[in-house]
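This report refers to the structure that appears directly beneath it.
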Amino acid sequence: MKTTLDFLKMKESGEKITMVTAYDYPSAKAAEEAGTDMILVGDSLGMVVLGYDSTVPVTIEDMVHHAKAVRRGAPDTFVVVDMPFMTYHLSREETLKAAARIMQESGADAVKLEGAKGVITMIEALVDSGIPVMAHLGLTPQSAGVLGGFKVQAKTAEQGKQLMADAISCEEAGAFSIVLECIPQQITERVSEQCHIPTVGIGAGVQADGQVLVYHDLIGYGEHRVPKFVKKYTDVYPEIVKAIKNYHDEVKNKEFPSPAHSFNLKEEERIALYG
Ligand code: KIV
Ligand code: NA
């Protein structure tokens, strides 16, 4: 399994880091088999798996439940788990307890927190307690309400400079990496140059030190709210619907199950059954 030190070395050598989200055993297994460097159990699970409109309703129980399955599916991949909405704001103690639960109950390798202001001290407390932390700047979906929706962030030089300062604060607080979501690529370039720790972009351009995509978006798995920055590498949803429709039709037509999918009594038992 790669470690936080490996990710740092990858940045130094210019090797891009790949990350994909996973939420259960088969998605984690597929991500690991594909050789992904890191897996994120994102709280995007609230939207793509649980069908909520935002990540706000996701609980720590949800995260632990899904992260455990991911751990079982990808025992040899570095797994980062999102701390859900409002679990790292109330106090240092609440934050440490929440992160400890995620680490101990799910077997995660790191946690991820959104934002800088007010969160830097929490990053510091977590790292001081031995928990690797990934930061997350730019579009921070847990504050979509405050940001006025899911929109591109840091669209001015001034906002870009603020983001750069935030990124440096995250690095100084001990974060091992920073997700940059939905920002102009020129800002990504500057942040990635300024930081020693790797940036992992989503909708942030090729200049990030790595990339992350949401599993369901990447494979076209039933997610209809797909942002501009997503590239669908395949489109499995129509195939799934087609397969289920075929099954439905074959059952109605008595084509399924065929003899090949059925079990038989031995001849003498069959005779005894009727005799
Ligand atoms: O929850 C998530 O999937 C994320 C990624 C978009 C970075 O936080
Ligand atoms: Na997230």
Go through the residues of the range 135-148 one by one and say whether even a single one is free of Cβ contacts under 8 Å to residues at least 12 places away in the same chain and within 16 Å of ligand 1 (Cβ to nearest atom). yes
In the range 10-28, how many are surrounded by 15 or more Cβ atoms within 10 Å (Cβ to Cβ), more than 17 Å from residue 204 (Cα to Cα) and of a type in the set (S, T, N, Q)? 1
Could you count how many residues in the range 63-97 are within 16 Å of ligand 2 (Cβ to nearest atom) and among the small types (Gly, Ala, Ser)? 1
Please pick out the residue among 109, 82 that is touching a residue at least 24 places away in the same chain (Cβ under 8 Å), within 25 Å of residue 47 (Cα to Cα) and touching a Pro at 6+ places or on another chain (Cβ under 8 Å). 109
Checking residue 49 against (1) free of Cβ contacts under 8 Å to residues at least 60 places away in the same chain; (2) within 16 Å of ligand 1 (Cβ to nearest atom), the condition it does not meet: (1)
When you scan the range 83-96, do you find a residue that is under 22 Å from residue 208 (Cβ atoms), in the same structural domain as residue 32 (by TED's automatic domain parsing) and modelled with pLDDT of 95 or more, even just one? yes
Could you list all residues from the range 44-73 that are among the hydrophobic types (A, V, I, L, M, F, W, C) and either part of a loop (DSSP other than H, G, I, E, B) or not assigned by TED's automatic domain parsing to the domain that holds residue 111 (or both)? 49, 50, 56, 58
Residues of the range 30-41 being crowded, with 18+ Cβ neighbours inside 10 Å and away from ligand 1 (no atom under 16 Å from the Cβ), which ones? 32
Of the residues that sit in the range 196-241 and are in a helix (DSSP H, G or I) and free of Cβ contacts under 8 Å to residues at least 60 places away in the same chain, which one is farthest from residue 176 (Cα to Cα)? 241
Are there helices (runs of 4 or more DSSP H) fully within the range 98-192 with at least 1 residues that are within 16 Å of ligand 2 (Cβ to nearest atom), in the same structural domain as residue 44 (by TED's automatic domain parsing) and buried (at least 20 other Cβ atoms within 10 Å of the Cβ)? List them. 120-128, 157-173
Just to be sure I understand, how many residues within the range 205-228 are within 10 Å of ligand 1 (Cβ to nearest atom) and farther than 20 Å from residue 109 by Cα? 3
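The values are calculated or read from the model by the stated rules, or taken from the named source; none is laboratory data. Everything numeric in this text was worked out from a predicted model, so none of it was measured. In this analysis, Cβ positions are derived from the backbone assuming ideal geometry, glycine residues included, and neighbour counts consider all displayed protein chains.
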